Amino acid sequence: MSTTDDMQTGCGGVLITAFEPFGGDETNPTELILSGLPDTLCGRCLHKKVLPVEFFRGAQIAIDEMRRLSPEVVILLGQAGGRSAVTPERVAINVMDAYIPDNAGFMPTDEVILPDGEAAYFSTLPIKDIVAAVRERGLPSAVSNSAGTYVCNSLMYRILHECSLMPEPPLAGFIHVPFSEEQVRSNPKRAAVPCMSLDAMIEAITVAIRVPIVKF
Ligand code: PCA
């Protein structure tokens, strides 16, 4: 194991994930948000990982990272085009029901994620405190009561299932963000669709990450 690996293994901190582009878009704002975040925040390392938009491989990579790093906090980011605010998710459900194929071509209908898993797992992030902190900055935020039934919900569900098996799990959950301004401007069909600037989303996510760290 190299020195860098030593430093990055089991050192706690925050694991923060984003997704690659999907559904015909050339960018995913979450990937760009990750690049705009610092490497440390409130004295904690931010371990950043971009995941493929694939039901199985995406969650497996995130679970492997969580096992390797033993973070104190896990924040999973995804894009929810059409939303007008930064939305911490309350709950993930044991369902895969895709409206488009994932990036590996898999398109499940009404399937369970884990046959032996609970019907649902709740976020263990302080979602209301995150919303309050982001709003205090003058940025739009609201709790979401559905992470959908596509890849983001599956990732949140599988991470929280994994946490449910751990003696000392990290605080973990998912935050969806709107389209970026650029995604809306570059597509005339999205003329009336809400969006946020990348800078505003980076600021909102920075604020959101601080909330569970300060609570720890
Ligand atoms: N959003 C999708 C998958 C990847 C992403 O960024 C979702 O909400 O499921």
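The values are calculated or read from the model by the stated rules, or taken from the named source; none is laboratory data. Being a predicted model, the structure only gives us computed values, none of them experimental. Neighbour counts run over all protein chains shown; Cβ positions are idealised from the backbone, glycine included. With ligands, DNA and RNA removed, areas are computed over all heavy atoms of the protein, side chains included. Shrake-Rupley method; radii C 1.70, N 1.55, O 1.52, S 1.80 Å.
Hey, with R₀ at 35 Å, roughly what FRET efficiency would TYR99 and ARG210 work out to, going by the Cβ-Cβ distance, to 0.05? Mind showing how you got there, number by number?
Details: r = 34 Å, r/R0 = 0.97.
After rounding, the FRET efficiency stands at 0.55.
Going by amide H atoms built from the backbone, whose H comes under 5 Å of the H on SER141, apart from near neighbours?
Under 5 Å from the amide H of SER141: VAL86.
If you place +1 on the Cβ of every Lys and Arg and -1 on the Cβ of every Asp and Glu, how big does the dipole about the Cα centre of the chain come out, in debye to the nearest 20? It would help to have the intermediate numbers written out before the result.
On the way: 17 positive and 26 negative charges, 124 e Å.
The dipole of the chain has a size of about 600 debye.
Ordered by residue, what ³J(HN,Hα) values in Hz, to whole numbers, does region 113-128 give under the Karplus form 6.51 cos²θ - 1.76 cosθ + 1.60, where θ = phi - 60° and Gly and Pro are x?
7, 10, x, 9, x, 5, 5, 7, 10, 8, 4, 9, 6, x, 5, 5
If you take the C-alpha gyration tensor of region 46-130, multiply each eigenvalue by 5 and take the square root, what semi-axes do you get, largest first, in whole Å?
On the way: eigenvalues 90, 61, 48 Å².
Largest first, region 46-130 gives 21, 17, 15 Å.
Given a 1.4 angstrom probe, I'd like the percentage of the accessible area of region 4-156 that is carbon and sulfur, rounded to a whole number.
Values: 3380 of 6710 Å².
Answer for region 4-156: carbon and sulfur cover 50 percent of the accessible area.
Once phi is turned into ³J(HN,Hα) by the Karplus curve 6.51 cos²θ - 1.76 cosθ + 1.60 with θ = phi - 60°, what whole-Hz value does each residue of region 45-54 show in order, with x for glycine and proline?
Listing the rounded values in order: 5, 9, 9, 9, 9, 8, 10, x, 7, 9 Hz.
How big is the equivalent ellipsoid of region 13-82 along its three axes, where each semi-axis is √(5λ) from the Cα gyration tensor, reported in whole Å from largest to smallest? All intermediate terms of the calculation are to be shown ahead of the outcome.
On the way: eigenvalues 91, 47, 13 Å².
Semi-axes (√(5λ), whole Å): 21, 15, 8.
Points 7 angstrom from Cα along the Cβ direction at VAL50 and PHE106: gap in nanometres?
2.1 nm
Would you mind getting me the FRET efficiency between GLU182 and ARG68? Use the beta-carbon distance for r and R0 = 30 Å, nearest 0.05. Working shown, then result.
Details: r = 33 Å, r/R0 = 1.11.
Efficiency at R0 = 30 Å is approximately 0.35.
State the antiparallel share, in %, of DSSP beta bridges confined to the chain, rounding to the nearest 5. Could you put the intermediate results ahead of the total?
Values: 8 of 29 bridges.
Counting only bridges with both partners in the chain, antiparallel ones make up about 30 percent.
Would you kindly calculate the mean projected area, averaged across all directions, of the convex hull enclosing the Cα atoms of region 1-159, in square nanometres? Spell out each step's value before the answer.
On the way: hull surface 41.2 nm².
Hull-based average projected area comes out at 10.3 nm².
Under 26 Å Cα-Cα from LYS215, which lysines qualify once same-chain neighbours fewer than 8 residues away are excluded?
Partners found: LYS48, LYS49, LYS128.
Over all directions, average the projected area of the Cα convex hull of region 65-209 and note it in nm².
On the way: hull surface 38.5 nm².
That works out to 9.6 nm².
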